[in-house]
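The values are calculated or read from the model by the stated rules, or taken from the named source; none is laboratory data. Bear in mind that the values here come from a model prediction, so they are computed numbers and not experimental data. Every residue, glycine as well, gets a Cβ built from its backbone with ideal geometry; the counts of neighbours run over all protein chains shown. Quick note on the areas: whole protein, heavy atoms, side chains included, nothing else; ligands and nucleic acids left out. Shrake-Rupley method; radii C 1.70, N 1.55, O 1.52, S 1.80 Å.
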Amino acid sequence: MQIKSLFDTNKNIYRTIEKVITYGASQEERLKSEISEYIVTEKIENHFEDLISKMEAAMESQGQNEVGVWVSGFYGSGKSSFTKYFGL
């Protein structure tokens, strides 16, 4: 068995893959490709929901609290992807 058999046959495995997430990327096709390949695991989904709930509670306090978020993790753990797609 070859490693390439593990990948989606509809995707070109030899395509250019961005090494760093670019927040300002506005090319629709590039964003569509990035989003379609982002795998939301149960844990990531839980973090999205938790963050949305906390931000919603802060906003409902009618300006009593500022909303700030610190995302930390090891290099390559998906911090930039998480925050980019959360923002989108």
In the list (1) 40, 25, 20; (2) 57, 28, 23; (3) 61, 28, 17, the entry giving Cα extents along the principal axes in Å computed from the coordinates is (2)
Among Ser5, Gly87, Val69, the residue whose Cα sits farthest towards the positive end of the charge dipole of the chain (+1 at Cβ of Lys and Arg, -1 at Cβ of Asp and Glu, taken about the Cα centre) is Ser5
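Take the solvent-accessible surface of the protein heavy atoms, probe 1.4 Å, and return the percent of it on the chain that carbon and sulfur atoms account for.
On the way: 4340 of 7890 Å².
The C+S portion of the solvent-accessible surface of the chain is 55 percent.
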Rounded to the nearest 10 Å², the 1.4 Å probe accessible area of Lys54 is 130
Given a 1.4 Å probe, the accessible area of the chain per residue, as a whole number of Å², is 90
Candidate span helices, the chain: DSSP H, at least 15 Å along axis from Cα coords, Kyte-Doolittle average at least -1.0, result 42-60
Which of Tyr38, Tyr14, Tyr75 fluctuates most in a GNM of the chain (C-alpha springs under 10 Å)? That residue is Tyr14
Descending accessible area (1.4 Å probe), largest on the left, turns Phe7, Phe86, Phe74, Phe48 into Phe74, Phe7, Phe86, Phe48
A chain fully extended from Ile13 to Glu49 at 0.36 nm per residue, minus the present Cα-Cα distance, gains in nm 9.8 nm
